[in-house]
């Protein structure tokens, strides 16, 4: 995906997130089940909670993911498998109820930085591609 199309997709996702937030809607999943899933599958490399650092220095803290991309954009990657630039990252594929739980949990732990303080995504923060295509 070229940078213009990614920027347009990102803007659309942000608009949708704002519309959902304005309506007061929340994710359908269970943050508790989502926490259990990410602790079981991701905590060996990532900081999965609201505190602490990632065991792997190259793995982003989950509470900071919204500073890189809209959390809802992860739904497809969680369903089809994530392809990252990091070869040690396993390819996970989750079912829809698990994805709802994971997204609900991730949304619940985000620490948003003010816009002026957000870092520009590094190459490791590049858009996540899915393995299903």
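Highest mean packing comes first when the peptides 98-111, 51-64, 68-81 are listed by Cβ atoms within 10 Å, giving 98-111, 68-81, 51-64.
Rounded to 0.05, the FRET efficiency of the residue 84 and residue 28 pair, given R0 = 30 Å and the Cβ-Cβ distance, is 0.70.
We did not get these values from a lab; they are worked out from the coordinates using the rules stated. No experiment lies behind these values; they were computed from the predicted model shown. Counting neighbours? That spans all protein chains shown, and the Cβs are built from the backbone with ideal geometry, glycine included.
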